[in-house]
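I have placed the structure first, in the form of structure tokens, so that the comments after it can refer back to it.
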Amino acid sequence: MHWLTTATALAAVLGAAALVQPPDATATPPAAARQAAGEPAAGEPAAAPDAKAADYPLECGGGETEVVDEGSADLDGDGRPETAAVVRCAAGMGTPPHGVYVLGSGSGGGAPRLLETLVDPAEKMNITDFAVGGGKISATLLGYSAPDVPRCCPDLERKVAWHWRDGKFRLTALPVPGSV
């Protein structure tokens with residue numbers, strides 16, 4: 001009878017403890033567990049994807065890719081920063097074409113994933129005046145009017161901006177200087 005009374009009392013105490021929770025109890029894992037899983041600590045902004053850790057769809061003939069410029073901001077309004085990067089094949093000489101890529105965070109803290117290609121290196125353009133912020137990516141595109149124009153000296157120039165609209169990046173070409 002003594003054991004039965006003890007078991008009943010113990011069950012009542014455990015049941016009450018399960019129902020009564022401290023006011024600050026949550027189902028969220030401890031901060032250390034969240035950080036180990038690649039999540040930011042409470043109140044800490046999410047880390048932007050590292051442009052140098054990404055894998056880009058560039059054929060560099062056995063050479064390496066080079067991140068020329070980059071910037072990060074929450075471009076799609078989801079509360080997490082994306083990184084836009086200007087990338088080219090590393091070259092000792094010359095002016096290899098640039099690509100512009102948008103990266104998102106990799107799953108589980110892995111390598112960044114490629115979200116979108118804004119400028120494909122196959123278009124044979126170079127990028128200057130690159131900036132990320134204010135909900136947009138802006139740049140000046142430099143190109144060539146003909147195959148015989150030296151690759152050192154682009155003869156076409158256009159300022160552009162990409163804005164996130166309707167689930168994708170939309171290109172806006174800014175007016176050509178001197179146009180009406």
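The values are calculated or read from the model by the stated rules, or taken from the named source; none is laboratory data. From a predicted model like this one, the values you see are computed outputs, not experimental measurements. Quick reminder, even Gly has a Cβ in these numbers, built from the backbone with ideal geometry, and neighbours come from all protein chains shown. Note: accessible area is taken over every heavy atom of the protein model, side chains too, but ligands, DNA and RNA are not part of it. Shrake-Rupley method; radii C 1.70, N 1.55, O 1.52, S 1.80 Å.
Odds and ends about this structure:
- Counting only heavy atoms of the protein chains and using a 1.4 Å probe, E70 has close to 70 Å² of accessible surface.
- Accessible surface of the range 61-111, 1.4 Å probe: 46 percent of it comes from carbon and sulfur atoms.
- Those lysines that a straight Cα-Cα span of less than 17 Å connects to K124, excepting residues fewer than 8 apart in one chain: K159
- Probe 1.4 Å - accessible area at S72, Å² to nearest ten: 60
- Simple rule: put +1 on each Lys or Arg Cβ and -1 on each Asp or Glu Cβ in the range 61-114, find the dipole, and look at P112, G99, G61; the Cα lying farthest toward the positive end is G61.
- Taking the range 58-95 and a reference point 7 angstrom along Cα→Cβ of L114, the backbone N atoms nearer than 16 Å belong to 58-68, 83-90.
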